[in-house]
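The values are calculated or read from the model by the stated rules, or taken from the named source; none is laboratory data. Here the structure is a predicted model, which means the values were calculated and not measured. Reconstructed Cβ throughout: ideal geometry from the backbone, glycine too, with neighbour counts over all protein chains shown.
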């Protein structure tokens, strides 16, 4: 650290957003993005010279929603204390309240806390869990859920979809299910991939995919859902998604479904004392995979 530099404090932000009005997470010129709106708001409440840069657990594509997104931002200690103003409340509470006052209604920060030592929103994460929701019953079609549930005109065979999903669980090269992006690996550990039709609760009657992995490459989740729909409609057999996986190349038969049915539900992390070690391990593994495999994949979900 240079003599004139202030030590910084890392803040953890737990947030949720309706992705309908956003062009994805990452900043893009002349487009409204979650990152762009959040960074401007943080710059306002923290009174920084410019918007501070935020690091997110998982970048989401345009139209994808999040209930359990996590991010971090590093802020000089002096600015943190100064932002309290005259309030006697803990500074974290003050910042959270002020953020809530200026953020738009489709982006909510539920918690703002000082991050534990070694915490990195992206590299300390153990897994990301997504859900994809589909309505295939016209009697249950709800106009109030049209922005986060995919309407499908044909009845789906959920048992066949569930059977087709099982062989994809594990550590594989998912090149067949990822849109190519230079400089990133397509090897991922898919920890869970299942389909169900809940009989009660808020998802009753819907067809719901649960997809969990250490990380996802570009369009991976929506491609997995697209392959499952081909099975559920009877256009392909239950072994077809595994055959596509084994091919290790993207084919015309793998369809990327619409983004609005996809929701980031949760990002999980290890115990505080294991955060730094997890970040080191994740960085090392990604570097090793990029070194030993062709860089044909991407680094975000959706």
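Of note:
- Filtering the stretch 84-96 for residues that are touching a residue at least 40 places away in the same chain (Cβ under 8 Å) and more than 28 Å from residue 271 (Cα to Cα) leaves an empty set.
- For residue 41: the one exception among (1) over 13 Å from residue 112 (Cβ atoms); (2) crowded, with 19+ Cβ neighbours inside 10 Å: (1)
- Sole exception among (1) modelled with pLDDT of 95 or more; (2) touching a strand residue (DSSP E or B) at 6+ places or on another chain (Cβ under 9 Å) for residue 223, by number: (2)
- Looking at 184, 175, 111, just one residue is in contact (Cβ under 8 Å) with a residue 24 or more places away in the chain, within 22 Å of residue 242 (Cα to Cα) and touching a strand residue (DSSP E or B) at 6+ places or on another chain (Cβ under 8 Å), and that residue is 175.
Table: residues versus (1) loosely packed, with under 14 Cβ neighbours inside 10 Å; (2) under 30 Å from residue 107 (Cα atoms); (3) more than 21 Å from the chain's Cα centre (by Cα).
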| residue | (1), (2), (3) |
| --- | --- |
| 213 | no, yes, no |
| 227 | no, no, no |
| 245 | no, no, yes |
| 251 | yes, no, yes |
| 282 | no, yes, no |
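- With respect to the conditions (1) within 26 Å of residue 15 (Cα to Cα); (2) within 20 Å of the chain's Cα centre (by Cα); (3) crowded, with 18+ Cβ neighbours inside 10 Å, residue 194 lacks only one, and its number is (3).
- Residue in the stretch 54-74 that is surrounded by fewer than 17 Cβ atoms within 10 Å (Cβ to Cβ), more than 18 Å from residue 263 (Cα to Cα) and without any contact (Cβ under 8 Å) to a residue 40 or more places away in the chain present: no
- The residues in the stretch 75-98 that are in contact with a strand residue (DSSP E or B) (Cβ under 6 Å, 6 or more places away or on another chain) and within 30 Å of residue 131 (Cα to Cα) can be counted, and the count is 1.
- Extreme residue, surrounded by the most Cβ atoms within 10 Å (Cβ to Cβ), among residues of the stretch 253-264 that are assigned to a loop (DSSP other than H, G, I, E, B) and touching a strand residue (DSSP E or B) at 6+ places or on another chain (Cβ under 7 Å): 257
- Which numbered condition residue 18 misses (of (1) over 21 Å from the mean Cα position of the chain (by Cα); (2) within 20 Å of residue 110 (Cβ to Cβ)): (1)
- Residue 118 vs. criteria over 22 Å from residue 56 (Cβ atoms) and in contact (Cβ under 8 Å) with a residue 60 or more places away in the chain: no
- The stretch 234-256 residues that are on the phi > 0 side of the Ramachandran plot, paired with ones that are surrounded by 13 or more Cβ atoms within 10 Å (Cβ to Cβ) and in a helix (DSSP H, G or I) (beta carbon under 9 Å, 6 or more apart): 234/160; 248/175; 248/176
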